[in-house]
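First up is the structure itself, then whatever we jot down about it.
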Amino acid sequence: MRLTKKIAIITGGASGMGLATVHRFLEEGASVVIADFNETKGLEAADQAARAGFKEQVLFKKTDVASEQHIEALIDLTLSHFGSLDIIFNNAGVGGAIGPLTETTTADWDYTFDVLAKGVFLGIKHAARTFKSQAKGGCIINTASIAGLSGDAGPLVYSAAKAAVISMTKAAAVELGPDKIRVNAICPGFINTPLADGGDPEATAKAFGKSQPWPEQGTGTHIAGAALFLASDDAEFVTGEHIVVDGGLTAAGPELSKRFPKSSARNGRYSGITKGSTGADAELRRL
Ligand SMILES: NC(=O)c1ccc[n+]([C@@H]2O[C@H](COP(=O)([O-])OP(=O)(O)OC[C@H]3O[C@@H](n4cnc5c(N)ncnc54)[C@H](O)[C@@H]3O)[C@@H](O)[C@H]2O)c1
């Protein structure tokens, strides 16, 4: 087991990729505090884990990650119940502001940034305080998104908040590195969770299975695997990094092979070399 005796907080742990990570961390020996705004689903998740044999290792705390008081109370509870803190996964999120930017209000912006960016900042801030006082290092993982890396993988405000998460990850890693506190982010691609499935997980599974070069949909367990790596000692020298977990979606970039299949380097019926504007003839072999 890779997380034996580790104590972890997972925000947004009642659903989707947070819930998948709760299961994975418990199986790997960690104790986990599920922190989520949704009390019903959070209690259900903790109850389900307890019935699966993890009663002593799991706790739920209703938390709004955008509230500093809530984050302080969450960390206090973790310390009083489990005695220390080793890992925080700042993962809670919402879609937030949608629609044309010309119609987006400052209230829409504030709600989105409060949850997605301020929530991550507060998690980093208070976990770092605890880690420093414990003087044994620590691990911070933040959920960003491929939306934070490009202009068309999410709505504008969401994308900006996720870019802020990537930026905070790097800045915090630099500041906290000397204390052996590692800070990394995960950038999920299309992952079939309640946030993304529009109430129809089966149709989403089909659609997401075709959304990237990898021929199957992205699931919460894919993100849990990346989070486990980042939380484990195997990632001891990894900090300030954002790991893209998207089945090759961003690697595909402009997808020229789909847009221009005939001239695609991969799909063509020839191999060999072309010589651009040199005036020299191409040397091609028909396949
Ligand atoms: N699903 C995707 O395709 C995708 C892609 C990239 C990034 N993400 C990000 O992954 C993270 C997890 O999303 P998911 O897809 O698992 O969604 P999800 O809806 O299944 O889970 C998100 C959880 O966060 C909780 N939450 C929302 N606001 C909160 C708040 N203020 N305080 C505490 N908890 C709160 C929700 O109650 C929910 O349980 C989010 O940060 C999301 O932006 C998702």
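The values are calculated or read from the model by the stated rules, or taken from the named source; none is laboratory data. Remember, predicted model here, so these are calculated numbers, not experimental data. In this analysis, Cβ positions are derived from the backbone assuming ideal geometry, glycine residues included, and neighbour counts consider all displayed protein chains.
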Counting only residues that are within 11 Å of the ligand (Cβ to nearest atom), among the aliphatic types (A, V, I, L, M) and surrounded by 22 or more Cβ atoms within 10 Å (Cβ to Cβ), region 148-158 contains a total of 0
Cβ pairs under 9 Å, 6+ apart or interchain, first in region 19-43 and at pLDDT 95 or above, second outside any strand (DSSP E or B) and acidic (Asp, Glu), ordered by first then second residue, are ALA30/ASP86; SER31/GLU56; PHE37/ASP64
Wholly inside region 108-212, helices (runs of 4 or more DSSP H) that include 3 or more residues that are among the polar types (S, T, N, Q) and within 26 Å of GLY253 (Cβ to Cβ) are 156-176
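Just the residues that are within 14 Å of the ligand (Cβ to nearest atom) and not charged (D, E, K, R), please, taken from region 229-253. Explain how you work it out, then say what you get.
At the first step, the residues of region 229-253 found to be within 14 Å of the ligand (Cβ to nearest atom) are 242-247, 249-250.
Hits for region 229-253 are HIS242, ILE243, VAL244, VAL245, GLY247, LEU249, THR250.
Kindly indicate the residue of region 180-191 that is crowded, with 17+ Cβ neighbours inside 10 Å and more than 13 Å from the chain's Cα centre (by Cα) and also farthest from the ligand (Cβ to nearest atom) among those meeting that condition. Walk me through how you get there before you give the answer.
To start, the set of residues in region 180-191 that are crowded, with 17+ Cβ neighbours inside 10 Å comprises 181-191.
Of the ones still in play, those that are also more than 13 Å from the chain's Cα centre (by Cα) are 181-182.
Working: ILE181: 21, ARG182: 19 Å.
Once the filter is applied, the top-ranked residue is ILE181.
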Going through region 38-96 in order, the residues found to be within 12 Å of the ligand (Cβ to nearest atom), of a type in the set (Val, Ile, Thr) and under 19 Å from GLY119 (Cα atoms) are THR63, VAL65, ILE71, VAL94
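If you check MET1, MET17, which single one turns out to be within 16 Å of the ligand (Cβ to nearest atom) and aliphatic (A, V, I, L, M)? Steps first, answer last, please.
Numbers: MET1 fails: within 16 Å of the ligand (Cβ to nearest atom).
Exactly one of MET1, MET17 is within 16 Å of the ligand (Cβ to nearest atom) and aliphatic (A, V, I, L, M), namely MET17.
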Note on region 127-145: residues away from the ligand (no atom under 14 Å from the Cβ) and not hydroxyl-bearing (Ser, Thr, Tyr) are ALA127, ALA128, ARG129, PHE131, LYS132, GLN134, ALA135, LYS136, GLY137, GLY138, CYS139, ILE140
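When you check ALA35 against the structure, is it near the ligand (Cβ under 9 Å from one of its atoms), more than 20 Å from HIS81 (Cα to Cα) and assigned by TED's automatic domain parsing to the domain that holds THR219, yes or no?
no
For ALA226, state whether it is buried (at least 16 other Cβ atoms within 10 Å of the Cβ), more than 10 Å from the ligand (Cβ to nearest atom), farther than 23 Å from LEU101 by Cβ and in contact (Cβ under 8 Å) with a residue 40 or more places away in the chain. Walk me through it before giving the result.
Numbers: buried (at least 16 other Cβ atoms within 10 Å of the Cβ): yes; more than 10 Å from the ligand (Cβ to nearest atom): yes; farther than 23 Å from LEU101 by Cβ: yes; in contact (Cβ under 8 Å) with a residue 40 or more places away in the chain: yes.
So ALA226 passes the test.
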In region 233-287, anything touching a Pro at 6+ places or on another chain (Cβ under 9 Å), of a type in the set (A, V, I, L, M, F, W, C) and surrounded by 13 or more Cβ atoms within 10 Å (Cβ to Cβ) is listed as VAL244, VAL245, LEU249, ALA252
Flagged in region 45-83 as over 22 Å from LYS132 (Cα atoms) and either in a strand (DSSP E or B) or under 22 Å from the mean Cα position of the chain (by Cα) (or both), in numbering order, are ALA45, ALA46, ALA49, VAL58, LEU59, PHE60, LYS61, LYS62, THR63, ASP64, ALA66
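Checking the structure you have, find out if any residue of region 121-132 is closer than 30 Å to PHE82 by Cα, touching a Phe, Trp or Tyr at 6+ places or on another chain (Cβ under 7 Å) and aliphatic (A, V, I, L, M).
No; the residues of region 121-132 include none that is closer than 30 Å to PHE82 by Cα, touching a Phe, Trp or Tyr at 6+ places or on another chain (Cβ under 7 Å) and aliphatic (A, V, I, L, M).
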